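Readers should treat all values here as calculations from the given coordinates under stated rules, not as data from a laboratory. These numbers were taken from a predicted model, which means no experiment stands behind them. Counting neighbours? That spans all protein chains shown, and the Cβs are built from the backbone with ideal geometry, glycine included.
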């Protein structure tokens, strides 16, 4: 119970404050859309830049940890894709958006917050190592899959170019790449610049959590609830179970397996709705999966933290 009250509940209370502000206090949608735009488009890339620029790459980029986590991502993506197509009969473009939701755990917001509260700030080094590939990897496979199913006779070269163009505009990817480049230079960040980066980075998670609450409040539980439950099960149970099992099999350190499983065990992120909106497919399913998964993850995260110790 202490895990639930001391670690998990404060994170979800911030989401709840945003939800209450939208639902009961009449805060406009533009407030939350603007806050999320700032968080995802600027503050969170700065947070990733800071975290990755300071990583000890040799110590935290454990290939076995990354294999354990991203094997779960790939299995989750295809479970979402073929589940939506073969079990629920959705069109291929819808199925790709569903697969994105199943694979994209909200590690950047919920995962970082819960890991830090449960295991302390030093534990986040492994989280940042995972996040260095998280958004680029899933956007790459999902965008590629979507461009293939929507190609309509377009050449392979044109499809590849469209994927590259979409990836190059992603602010998360830009923050990750810049952080990695700064890391390998070995240069020290000037004091004033480091302080400014710290100020911006410190706003990323609370702003995004608050905005997430307001955005969720605007959703309505709609769409195929059986498919939503399928997505939530893949995201909250299958992905972390694969990561945990492979982590134990690989003999990962305690810190590595804790960070990897917590990151894997988070609900579908709001990027699932963003991706679905980009292509105009399966938006209701994606939005409802974020809502249902986030609510359910209060209990499933408690369960996984209990397993991890």
| message | Using a Gaussian network model on the chain with a 10 Å cutoff between Cα atoms, which of 183, 127, 106 fluctuates the most? | response | 183
| note | Projected onto their principal axes, the Cα atoms of the stretch 80-147 stretch, largest extent first, over whole-Å spans of 44, 21, 13
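With r defined as the distance between the Cβ atoms of residue 6 and residue 121 and R0 fixed at 22 Å, what FRET efficiency is calculated, to the nearest 0.05?
Values: r = 16 Å, r/R0 = 0.72.
Here the calculated transfer efficiency is 0.90.
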| said: Tell me the relative contact order for the stretch 2-308 as a rounded percent, counting alpha carbon contacts under 8 Å between residues six or more apart. | reply: 36
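Would you work out the relative contact order for the stretch 11-170, in percent, from Cα pairs under 8 angstrom that are 6 or more residues apart?
Values: 96 pairs, mean separation 34.0, N = 160.
It comes to 21 percent, rounded to a whole number.
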| message | Give me log10 I(q)/I(0) at q = 0.08, 0.16 Å⁻¹ for the stretch 156-309, Debye formula, one equal scatterer per alpha-carbon, no solvent. | response | -0.33, -1.17
| request: Please work out how much length the chain gains when fully extended from residue 299 to residue 180, using 0.36 nm per residue of separation minus the C-alpha to C-alpha distance, in nm with one decimal. | output: 39.3 nm
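How do 88, 12 rank when sorted from fewest to most other Cβ atoms within 10 Å of their own Cβ? Don't skip to the answer; put the middle values down first.
Values: 88 15, 12 21.
Final ranking by Cβ density, sparse to dense: 88, 12.
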| remark: Within the set 175, 107, 26, GNM on the chain using Cα springs under 10 Å gives the largest fluctuation to 26
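Can you list the equivalent-ellipsoid semi-axes of the chain, largest first and in whole Å, using the square root of 5 times each Cα gyration tensor eigenvalue? The partial results should precede the final answer.
Numbers: eigenvalues 143, 108, 93 Å².
Values for the chain, descending: 27, 23, 22 Å.
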| message | Please report the projected area of the stretch 1-133's Cα convex hull averaged over all directions, in nm². | response | 10.9
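Suppose only helical runs count, i.e. DSSP H with n ≥ 4. What mean residue ellipticity at 222 nm does that imply for the chain under -39500 (n - 2.57) per run, divided by all residues and rounded to the nearest 500 deg cm²/dmol?
Details: 16 runs with 228 residues, N = 309.
Computed mean residue ellipticity for the chain: -24000 deg cm²/dmol.
I need the calculated FRET efficiency for the pair residue 13 and residue 226, taking r as the beta carbon distance and R₀ as 22 Å, to the nearest 0.05. Could you put the intermediate results ahead of the total?
Working: r = 30 Å, r/R0 = 1.38.
The pair residue 13/residue 226 has a calculated efficiency of 0.15.
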| What's the extension gain from residue 277 to residue 25 if we count 0.36 nm per residue and subtract their Cα-Cα distance? | 88.0 nm
